[in-house]
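Engineer: Mind having a look at this structure? Questions to follow.
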Amino acid sequence: MAKNKFGFSIHHDRQHNLDTADRNLYNRIALVEPSIQRCIFCGGCASTCTASKFTDLSFRLVSLNLRRGYIDEVKEMVARCMLCGKCTMVCPRDVNIRHLMVLLKKEFSENEF
Amino acid sequence: MIELKGKERIWEKYQKEIPLDRYYYARSCIRQNFWPGSETTFIKILEEELGKTILDEEHHTTCSGIAYHCDVIPQETTMTIVARQFSLMCESGYEHFVPSCITSFGIYTEILETWNEHPEVEEKIKRMLMEATGREFRKPKFLVHPSDVIYALRFDILKKAKYRLVNAKTGEPLKCVEHVGCHYAKMFPDKGVGGAEFPRVLMGMIEAWGGEVVDYPERRTCCGFGFRQYMVQANRGYSIACTKRKFDSMEPYKPDLIVTNCPGCPFFLDRWQYVIAEMEGKVYTEDGYGIPVLTYEELAGIVLGYNPWELGLQMHQVSVEPLLKKIGFEYDPLDKFKVGNQTILTLPEAPGVLKV
Amino acid sequence: MEETKKHVLIVGAGIAGLEAATHLEELGYKVSIIEKQQVTGGHVKNWFKTFPYFDASEAIINFAERSLSKFDVYNETQLTYAERNDNGFKVNTDKNKQFQADAILLTPGFKVFDAHKKEEYGYGIFQHVITNADLEKYFRNGWPERDNKNLRFGFIHCVGSRDAKSGNLYCSKVCCATAVKQAIEVRQHFPDSEVYCFYMDLRMFGKNYEEMFQAAQEKHGINFVRARLSEVNQNFDNTLLIKVEDTLTSRPMKLTLDYIVLMSGMEPAENAAQLSQIFGVPTDESGFFAPEKYLVSENNTVSEGVFVAGTATGPKTITETINDARSAALAIHHYLSHSRIPTEHGKE
């Protein structure tokens with residue numbers, strides 16, 4: 001094993017390559033609920049979110065991660081959402097966040113990622 | 001061509017005055033181990049080929065850069081050691097200080113700038129040096145790196161050159177990657193020829209001697225030497241990952257060689273190719289030998305036709321012979337493992353993946 | 001006996017100088033303008049469309065030049081010297097034309113930041129790295145020859161502004177709105193393109209700017225990434241590779257682009273320092289003219305009889321420039337007609 005021979009292994013490169021990011025999920029979601037396109041990542045949703053106090057959930061990050069192709073992180077967070085609707089009430093850009101969450105939950109339960 | 005005109009504009013901005021004679025040479029502590037032929041070649045070129053005066057004497061010490069960069073000694077200690085080096089230079093009657101290592105060059109530049117902005121620190125170091133050694137010192141009139149000197153004298157070297165950086169069979173210029181040490185210009189861009197973004201010092205040499213310079217996206221990236229993390233074995237994964245980024249980025253350009261002007265950088269660029277080959281089976285050239293890495297003195301020596309085994313090329317992990325064959329260099333392969341006239345008894349073990 | 005009209009000399013025939021001239025002429029003054037370029041219209045005449053309504057710049061120029069025939073414009077003329085005398089100012093130019101003026105209005109405008117100075121962005125070094133000013137030329141005169149399928153554009157905000165390394169700490173104000181406008185125009189011109197805007201902040205301060213931004217996201221599919229560009233490199237196939245910090249996900253990011261548009265900011269005009277010296281008008285740390293009193297009296301200067309307007313005092317939108325020019329015309333009128341409006345409450 002390389003690690004035993006040299007005592008270390010080559011570090012993983014964390015610079016994200018946007019050229020190869022998979023935006024298919026984002027594009028599919030945006031077709032059904034176009035309001036996600038006007039998100040400005042202000043974080044109003046995340047700050048009022050019930051689940052964010054006890055878990056990692058932040059729709060701000062979901063919105064960003066979908067665009068960057070970080071699907072695993074999205075899947076993790078979406079599972080925590082209780083659909084309470086507080087985020088949708090505060091969004092200054094009128095993004096229908098609750099609908100987006102429902103769509104995402106459906107995607108993850110029906111499709112392999 | 002858009003590229004050259006734009007770069008020339010920047011080079012005009014970053015001109016540096018380089019003295020052409022009478023150098024006080026401060027050798028490097030580690031370069032002499034990694035690349036034994038380089039410093040002697042520098043002195044040989046200057047004295048025998050170009051008739052310059054260069055003083056190489058035994059009283060100077062390490063600049064203590066490694067200890068300073070590893071946070072083992074405080075800056076004042078390094079400054080006092082540097083002050084002693086300057087004192088030796090003045091004592092021998094020289095004003096042009098030429099440190100062999102690029103980290104040294106960075107340290108000397110940093111210290112001179114500190115003394116410029118904070119004269120009280122210089123006063124303190126004067127006192128400390130007097131207490132410790134009874135010596136006095138003056139700052140050098142010029143502080144230049146030996147690669148600056150070779151850059152300034154590159155056309156004089158060209159006049160005596162036996163070979164060019166050109167493929168002997170096809171006549172095409174060799175594709176050369178140049179890697180300038182971080183401490184050369186990144187800290188003080190106006191202290192480097194060509195500034196920090198597009199340094200000219202190695203490019204000038206390559207172009208003068210017939211080669212073509214390759215500009216690839218990770219050109220400016222540090223090789224990852226750094227000192228402090230590298231000293232601990234478990235942290236080397238971080239260092240090797242930096243160098244690997246550079247290799248992955250330069251691969252599509254199919255370079256024929258890499259030239260550097262630092263002691264640590266060629267060490268990494270050369271040895272890590274072996275490690276990456278063992279760990280991942282990846283070699284960065286199609287012929288399976290790897291990309292040869294040279295210091296600028298070795299490059300000058302090759303161009304001048306010196307015996308490669310006196311240049312120390314047998315100490316390289318990645319074989320330099322394919323490059324020598326490409327430029328039509330005549331050498332005796334049997335001399336590679338000789339010391340004096342005797343062949344050494346045990347030959348080194350061949351690497352697993354890299355061809356030799 | 002007919003009273004001779006008082007004479008106002010205006011330096012710079014951009015929209016500020018032209019608008020001030022229009023009103024001063026109507027108020028009964030003789031007006032002369034000297035202009036270093038071959039034609040009037042300053043920078044605005046080089047642009048294509050304006051934000052946020054996408055009105056043509058040509059329409060703005062037509063508006064500014066509506067009274068052009070009523071005053072004298074001296075093109076390709078530069079001011080070389082001026083001194084006070086009993087009747088106001090004597091002014092020399094490089095064309096052997098001299099003026100005697102009762103008041104001076106300085107409207108030399110601005111200069112676009114020279115993007116060559118940002119070496120790491122590769123302007124003038126890598127092909128297809130252009131500035132916002134270059135892009136307006138493409139909109140007006142056509143695009144250079146290249147394979148125009150699926151082009152990827154990156155707009156880089158804050159080039160030469162808010163940047164200690166460029167020597168300009170101030171915000172150039174209008175570049176964010178310009179970037180959004182240009183991004184929309186690019187998407188309209190190349191419907192299969194992908195467009196990114198890389199910003200530190202998005203300054204959508206004016207009327208309808210925020211709505212334009214929202215339309216850019218929803219209607220035109222432009223990607224807004226809060227990120228700072230560190231360096232531009234060239235790939236093996238001559239496309240451009242950029243490295244940014246994607247601040248909202250806290251990760252470094254790289255991507256390949258076909259065009260990079262650097263939003264170069266507004267700097268003081270090239271002759272601002274010279275005019276400042278000749279007329280005794282001080283400049284602020286950034287080199288823009290400093291008015292007599294910020295906030296409430298920004299057309300008067302400490303130098304009596306010398307007035308300033310337009311982007312010469314700092315970055316402005318077209319509307320702000322036109323309003324500022326009108327305000328300057330009124331200030332000059334008050335000065336020349338010995339108005340009794342006090343400068344402060346309770347003072348005569």
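Engineer: Which of C:His23, C:His128, C:His116 moves the most in a Gaussian network model of chain C with Cα springs under 10 Å?
Structural biologist: Maximum fluctuation in the GNM of chain C, among the listed residues, is at C:His116.
Engineer: Another question about this same structure. When the Karplus curve 6.51 cos²θ - 1.76 cosθ + 1.60 is applied with θ = phi - 60°, which whole-Hz ³J(HN,Hα) does each residue of the range B:192-209 get, with x for Gly and Pro?
Structural biologist: With coefficients 6.51, -1.76 and 1.60, one gets x, 5, x, x, 9, 6, 10, x, 9, 4, 7, 4, x, 4, 4, 5, 5, 9 Hz.
Engineer: Further question: What share of the DSSP beta bridges in the protein assembly as shown is antiparallel, in percent to the nearest 5?
Structural biologist: Working: 35 of 86 bridges.
Percentage antiparallel, nearest 5: 40.
Engineer: In addition: Order these peptides, C:269-278, B:48-57, by their mean beta-carbon neighbour count within 10 angstrom, highest first.
Structural biologist: Numbers: C:269-278: 18.0, B:48-57: 14.8.
Put in order of decreasing packing, that is C:269-278, B:48-57.
Engineer: Moving to a separate point now. Say we join alpha carbon atoms closer than 10 Å with springs in a Gaussian network model of chain B; which of B:Asn235, B:Asn261, B:Asn307 then has the biggest fluctuation?
Structural biologist: B:Asn235
Engineer: By its C-alpha gyration tensor, with a ≥ b ≥ c as the square roots of the eigenvalues, how is the range C:57-118 shaped: rounded for a/c under 1.5, else prolate for a/b larger than b/c, else oblate? Working shown, then result.
Structural biologist: Working: a/c = 2.36, a/b = 1.31, b/c = 1.81.
Oblate shape, in that a/c is at least 1.5 and b/c is the bigger or equal ratio.
Engineer: Then there is this: If exposed trypsin sites (Lys or Arg not before Pro) are those in a DSSP loop with at most 15 other Cβ within 10 Å, what is the longest stretch of chain C that has none? Intermediate values should be presented prior to the final figure.
Structural biologist: On the way: sites that count: C:Lys5, C:Arg66, C:Lys95, C:Lys97, C:Arg146, C:Lys149, C:Lys207, C:Lys219, C:Arg340, C:Lys347.
For trypsin sites (Lys or Arg not before Pro) (loop position, at most 15 other Cβ atoms within 10 Å), the longest site-free span of chain C is C:220-339.
Engineer: Please report, in debye to the nearest 20, how large the charge dipole of chain C is about its Cα centre when each Lys and Arg carries +1 at its beta carbon and each Asp and Glu carries -1 there. Walk me through the intermediate numbers first.
Structural biologist: Numbers: 38 positive and 46 negative charges, 66 e Å.
The calculated dipole for chain C is roughly 320 debye.
Engineer: On a 0 to 90° scale, report how tilted helix B:119-133 is relative to the longest principal axis of chain B, with both axes built from alpha carbons and the result rounded to the nearest 10.
Structural biologist: Helix B:119-133 sits at roughly 90 degrees to that axis.
Engineer: How many Å³ per residue does the convex hull of the Cα positions in chain B occupy?
Structural biologist: Values: hull volume 53.2 nm³, N = 356.
Value for chain B: 149 Å³ per residue.
Engineer: Tell me the angle of helix C:209-218 to the major Cα principal axis of chain C, expressed in degrees between 0 and 90 and rounded to the nearest ten.
Structural biologist: 20 degrees
Engineer: Going through the range C:220-311, which chymotrypsin sites (Phe, Trp or Tyr not before Pro) have at most 14 other Cβ atoms within 10 Å and a DSSP loop state? Working shown, then result.
Structural biologist: Working: sites: C:Phe224, C:Phe236, C:Tyr259, C:Phe279, C:Phe288, C:Phe289, C:Tyr294, C:Phe307; in loops: C:Phe236, C:Phe288, C:Tyr294.
Answer in residue order: C:Tyr294.
Engineer: Can you put A:Phe6, C:Phe198, C:Phe126, B:Phe105 in order of Cβ neighbours within 10 angstrom, beginning with the fewest?
Structural biologist: A:Phe6, C:Phe126, C:Phe198, B:Phe105
Engineer: Over all distinct Cα pairs, what is the inverse of the mean 1/r for the protein assembly as shown, reported as the Kirkwood hydrodynamic radius in Å? Walk me through the numbers before you get to the answer.
Structural biologist: Details: mean 1/r = 0.0318 Å⁻¹.
Taking the inverse mean of 1/r over all distinct Cα pairs, the protein assembly as shown comes out at 31.5 Å.
Engineer: Report Rg(Cα)/(2.2 N^0.38 Å) for the range B:18-146, keeping two decimals. Could the numbers behind the result be given before it?
Structural biologist: Values: Rg = 14.6 Å, N = 129, 2.2 N^0.38 = 13.9 Å.
So the range B:18-146 has a normalised radius of gyration of 1.04.
Engineer: Considering only C-alpha atoms, what is the centroid distance from the range C:227-300 to the range C:191-215, in Å?
Structural biologist: So the two Cα centres are separated by 18 Å.
Engineer: Taking Cα atoms of chain C, Rg/Rh with Kirkwood Rh, to two decimals?
Structural biologist: Numbers: Rg = 22.3 Å, Rh = 21.7 Å.
A ratio of 1.02.
Engineer: Taking each residue in A:13-21, count the Cβ atoms of any other chain within 10 Å of its Cβ, then average. What number comes out?
Structural biologist: Mean number of neighbouring Cβ atoms from other chains: 6.
Engineer: Take the cross-link list A:Lys86/C:Lys219; B:Lys52/B:Lys338; B:Lys326/C:Lys243; B:Lys246/C:Lys254 and give me the ones stretching past 24 Å between alpha-carbons.
Structural biologist: On the way: A:Lys86/C:Lys219 27 Å; B:Lys52/B:Lys338 31 Å; B:Lys326/C:Lys243 36 Å; B:Lys246/C:Lys254 15 Å.
The answer is A:Lys86/C:Lys219; B:Lys52/B:Lys338; B:Lys326/C:Lys243.
Engineer: Per residue, what volume in Å³ does the convex hull of the Cα atoms of the range A:21-110 enclose? Numbers along the way, then the final one.
Structural biologist: Working: hull volume 7.2 nm³, N = 90.
Once divided by residue count, the hull of the range A:21-110 is 81 Å³.
Engineer: Hey, another quick one. Count, for each residue of B:194-201, the Cβ atoms from other chains sitting within 10 Å of its Cβ, then give me the mean as a whole number. Don't skip to the answer; put the middle values down first.
Structural biologist: Working: counts 0, 1, 2, 7, 4, 0, 0, 0.
So the per-residue partner count for this stretch is 2.
Engineer: At most 14 other Cβ atoms within 10 Å and a DSSP loop assignment: could you name the GluC sites (Glu not before Pro) in the range B:111-143 that fit?
Structural biologist: Values: sites: B:Glu113, B:Glu117, B:Glu120, B:Glu122, B:Glu123, B:Glu131, B:Glu136; in loops: B:Glu136.
Qualifying residues, ordered by number: B:Glu136.
Engineer: Can you find, among C:Tyr53, C:Ile222, C:Gly109, the residue farthest towards the positive end of the dipole of the protein assembly as shown? Put +1 on the C-beta of Lys and Arg, -1 on that of Asp and Glu.
Structural biologist: C:Ile222
Engineer: Still on this structure, I have one more. Per residue of the range C:52-59, in order, report the coupling 6.51 cos²θ - 1.76 cosθ + 1.60 (Karplus, θ = phi - 60°) as ³J(HN,Hα) in whole Hz, putting x for Gly and Pro.
Structural biologist: x, 9, 6, 5, 6, 4, 4, 5
Engineer: Please tell me which of these pairs span more than 30 angstrom C-alpha to C-alpha: C:Lys36/C:Lys90; C:Lys111/C:Lys293; B:Lys13/C:Lys90; B:Lys282/C:Lys149? List each step's numbers first, then the result.
Structural biologist: Details: C:Lys36/C:Lys90 19 Å; C:Lys111/C:Lys293 24 Å; B:Lys13/C:Lys90 40 Å; B:Lys282/C:Lys149 35 Å.
Listed pairs above 30 Å: B:Lys13/C:Lys90; B:Lys282/C:Lys149.
Engineer: Under a GNM of chain B (C-alpha, springs under 10 Å), which listed residue has the highest mean-square fluctuation: B:Lys191, B:Lys139, B:Lys13?
Structural biologist: Per the Cα network of chain B with a 10 Å cutoff, B:Lys13 tops the list.
Engineer: What number, rounded to the nearest 500 deg cm²/dmol, is the helix-based mean residue ellipticity at 222 nm of chain B, given -39500 (n - 2.57) per DSSP H run of at least four residues and division by all its residues?
Structural biologist: On the way: 16 runs with 154 residues, N = 356.
Estimated from H runs of four or more residues: -12500 deg cm²/dmol.
Engineer: Are there trypsin sites (Lys or Arg not before Pro) in the range A:6-113 that DSSP marks as loop and that have at most 11 other Cβ atoms within 10 Å, and which are they?
Structural biologist: Details: sites: A:Arg14, A:Arg23, A:Arg28, A:Arg38, A:Lys53, A:Arg60, A:Arg67, A:Arg68, A:Lys75, A:Arg80, A:Lys86, A:Arg93, A:Arg98, A:Lys105, A:Lys106; in loops: A:Arg14, A:Arg23, A:Arg80, A:Arg93.
Passing both the DSSP loop test and the Cβ count: A:Arg14.
Engineer: If you restrict to DSSP beta bridges whose two residues both lie in the range C:112-266, what percentage is antiparallel, to the nearest 5?
Structural biologist: Working: 16 of 33 bridges.
Restricted to the range C:112-266, the bridges split so that about 50 percent are antiparallel.
Engineer: Additional query: Work out from phi, with θ = phi - 60° and the Karplus expression 6.51 cos²θ - 1.76 cosθ + 1.60, the ³J(HN,Hα) of each residue of the range C:170-186, listed in order in whole Hz, and give x for Gly and Pro.
Structural biologist: For the range C:170-186, the Karplus curve yields 7, 8, 8, 6, 8, 5, 4, 5, 4, 4, 5, 4, 5, 4, 5, 5, 5 Hz.
Read-outs: derived from the displayed coordinates by stated rules, not from any lab. Values in this document were obtained by computation on a predicted structure and should not be read as measured data. As a convention, Cβ positions derive from the backbone with ideal geometry for all residues, glycine included, and neighbour counts pool all protein chains shown.
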